[in-house]
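S.K.: Can you keep this structure in mind? I'll have questions shortly.
The values are calculated or read from the model by the stated rules, or taken from the named source; none is laboratory data. Predicted, not measured: the structure shown is a model, and the values here were computed from it. As a convention, Cβ positions derive from the backbone with ideal geometry for all residues, glycine included, and neighbour counts pool all protein chains shown.
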Amino acid sequence: MTLIKSISGIRGTIGGTQGDNLTPIDVVKYAAAYGSWVKKQRDKETYCVVIGRDARISGEMIQQLVMNTLVGMGIHVIDVGLSTTPTVEVAVALEHADGGIILTASHNPKQWNALKLLNNKGEFLNAQAGQQILDIAETGEINFNEVDALGKITVNEAYIDMHIDEILELPLVNVEAIKKAKLKVVVDGVNSTGGIAVPLLLEALGVHPVKLFCEPNGHFPHNPEPLKEHLTDLMAKVVEEGADFGIVVDPDVDRLAFVDEKGEMFGEEYTLVAVADYILKHTPGNTVSNMSSSRALRDVTQGHGGSYTASAVGEVNVVEKMKETHAVIGGEGNGGIIYPELHYGRDSLVGIALFLSHLAEVNLPVSELRKQYPSYYMSKKKIQLTPQLDVDAILKTISTTYASEEITTIDGVKIDFAENWVHLRKSNTEPIIRIYTEAKSQTEADALADRFISEIEAFLG
């Protein structure tokens, strides 16, 4: 069992002992630290924080603990209930709130949950703010209010609908063209809140949704990470239904992947590539993705006359680089779309609406659309960590070994070879080293990943 305390939030497994897992005591401790941090940002009479959750089994318990901890600190809470990460981000901005907390462990299995923390813009905290909260939690410098100064909880379950309304009003969401296309789409909601939000969005766009695993009960029917090996049911259902394509999201709806009309993966990395192609056709500009994302975005961006920049892994790093370069679209190769015209956060719902607009305008089958883009193949593997492993020493050795190549060390070690690349980094959300590679064939990408796994294992002896 595990508790991971990082600048990006508090993530852990439910049950077990306090301090080693995400127990009720840990939830209260870090919710209180966040509440204390919120109060330190501005000296004002009242404070407000938006709270939402995915459909995890532990979600309701965790939410009650978080909300009532904040109430005890005199902070008013807007409870948006079952929601999505991007919906909570949008709600913070629309409510002019002081912050927000999303209760989700994203793509982790059902025994995990997490507190993902937002600032008053509805964006993830930067490293400095995240460290301040961790410091407050450790020092215990937290004050609770007396009985006449407690906060209040206000329930507002309309925010998914409001989020969808915001998307429909975007100039590049071509509602008329989508409705004319009369599309049929299978939706895998992995029995979480995507099963609520995605069908509602599709119906608003005149698309017929076929629901698969859309009951928000938190019992994930397959590994919730939207990778090919987990999506055999969706792939079969698309073919069986004669659908135009399939959609899968992760439990908190900030990662997005497609299956084409033949039941084949469009490619998680190509979600951002296709959406960026559409945006750049209409609003030329710059793009950003993280270092572990496909070179295809760079190629497409340059083809439209724009400039591509790679950031360190992590949404906050992508957002920071997007603001710095005035990017018109960005995200992460894991299917995360960040469209600043709506908000600075990974958002599967806006990604779906923009992809549908693109598809309706080009009037091609999804499989043919995929052929429009450069073909790269990725391998995503990992090595389980133990407390004895010195990850920094491992990465330093790798970096030294390949010093003659193009090396980037802003986030782990990335080695750019002429025809392929490998990126090695310690995960912020799981006790693993991630090994990402990309090449011009799947065989080559897998072989490159296996080669580096062998080199790391040799180093470990």
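S.K.: Being outside any loop (DSSP other than H, G, I, E, B), without any contact (Cβ under 8 Å) to a residue 24 or more places away in the chain and under 30 Å from the mean Cα position of the chain (by Cα) is the filter here, so list the residues in segment 113-161 that pass it.
M.R.: Across segment 113-161, the qualifying residues are 128, 135, 138.
S.K.: Of everything in segment 17-37, what is surrounded by fewer than 16 Cβ atoms within 10 Å (Cβ to Cβ) and part of a loop (DSSP other than H, G, I, E, B)? Give them in sequence order.
M.R.: 17, 19, 20
S.K.: Moving on. Given segment 312-420, what helices (runs of 4 or more DSSP H) lie entirely inside it while holding 1 or more residues that are within 30 Å of residue 262 (Cβ to Cβ)?
M.R.: Correct list: 348-362, 366-370.
S.K.: Determine, yes or no, whether residue 167 is in contact with a Ser or Thr (Cβ under 9 Å, 6 or more places away or on another chain) and part of a helix (DSSP H, G or I).
M.R.: Judged against the criteria, residue 167 is not a match.
S.K.: Looking at 165, 188, 135, which one is charged (D, E, K, R) and assigned by TED's automatic domain parsing to the domain that holds residue 56?
M.R.: None of the other options fit; the residue is 135.
S.K.: One residue is enough: does segment 271-279 have a residue meeting the conditions closer than 21 Å to residue 334 by Cα and at pLDDT below 95?
M.R.: Within segment 271-279, not a single residue is closer than 21 Å to residue 334 by Cα and at pLDDT below 95.
S.K.: Would you confirm, using the coordinates I've provided, whether residue 77 is in a helix (DSSP H, G or I), on the phi < 0 side of the Ramachandran plot, touching a strand residue (DSSP E or B) at 6+ places or on another chain (Cβ under 8 Å) and at pLDDT 95 or above?
M.R.: no
S.K.: If you go through segment 202-226, how many residues are part of a loop (DSSP other than H, G, I, E, B) and under 19 Å from residue 355 (Cα atoms)?
M.R.: So the answer is 4.
S.K.: Mind listing whichever residues of segment 421-451 are assigned to a helix (DSSP H, G or I) and either small (Gly, Ala, Ser) or within 23 Å of residue 332 (Cα to Cα) (or both)?
M.R.: Passing the criteria: 442, 444, 445, 446, 447, 448, 449.
S.K.: Go through the residues of segment 120-132 one by one and say whether even a single one is within 27 Å of residue 352 (Cβ to Cβ), in contact with a Ser or Thr (Cβ under 8 Å, 6 or more places away or on another chain), crowded, with 17+ Cβ neighbours inside 10 Å and of a type in the set (Asp, Glu).
M.R.: Checked segment 120-132: no residue is within 27 Å of residue 352 (Cβ to Cβ), in contact with a Ser or Thr (Cβ under 8 Å, 6 or more places away or on another chain), crowded, with 17+ Cβ neighbours inside 10 Å and of a type in the set (Asp, Glu).
S.K.: For residue 192, all conditions in the list (1) touching an Asp or Glu at 6+ places or on another chain (Cβ under 8 Å); (2) under 23 Å from residue 275 (Cα atoms) hold save one; what is the number of the exception?
M.R.: (2)
S.K.: Give just the number: which of (1) touching a Lys or Arg at 6+ places or on another chain (Cβ under 8 Å); (2) at positive phi does residue 213 not satisfy?
M.R.: (1)
S.K.: For residues in segment 366-393 being under 27 Å from residue 419 (Cα atoms) and of a type in the set (S, T, N, Q), which is surrounded by the fewest Cβ atoms within 10 Å (Cβ to Cβ)?
M.R.: The qualifying residue surrounded by the fewest Cβ atoms within 10 Å (Cβ to Cβ) is 375.
S.K.: Looking only at residues in segment 86-112 that are in a loop (DSSP other than H, G, I, E, B) and among the polar types (S, T, N, Q), which one is nearest to the chain's Cα centre (by Cα)?
M.R.: 106
S.K.: Residues in segment 300-309: is at least one over 29 Å from residue 440 (Cβ atoms), in contact with a Leu (Cβ under 7 Å, 6 or more places away or on another chain) and crowded, with 24+ Cβ neighbours inside 10 Å?
M.R.: No, every residue in segment 300-309 fails to be over 29 Å from residue 440 (Cβ atoms), in contact with a Leu (Cβ under 7 Å, 6 or more places away or on another chain) and crowded, with 24+ Cβ neighbours inside 10 Å.
S.K.: Quick test for you: out of 203, 215, pick the one residue that is farther than 25 Å from residue 58 by Cα, free of Cβ contacts under 8 Å to residues at least 40 places away in the same chain, among the acidic types (Asp, Glu) and in the same structural domain as residue 242 (by TED's automatic domain parsing).
M.R.: Exactly one of 203, 215 is farther than 25 Å from residue 58 by Cα, free of Cβ contacts under 8 Å to residues at least 40 places away in the same chain, among the acidic types (Asp, Glu) and in the same structural domain as residue 242 (by TED's automatic domain parsing), namely 203.
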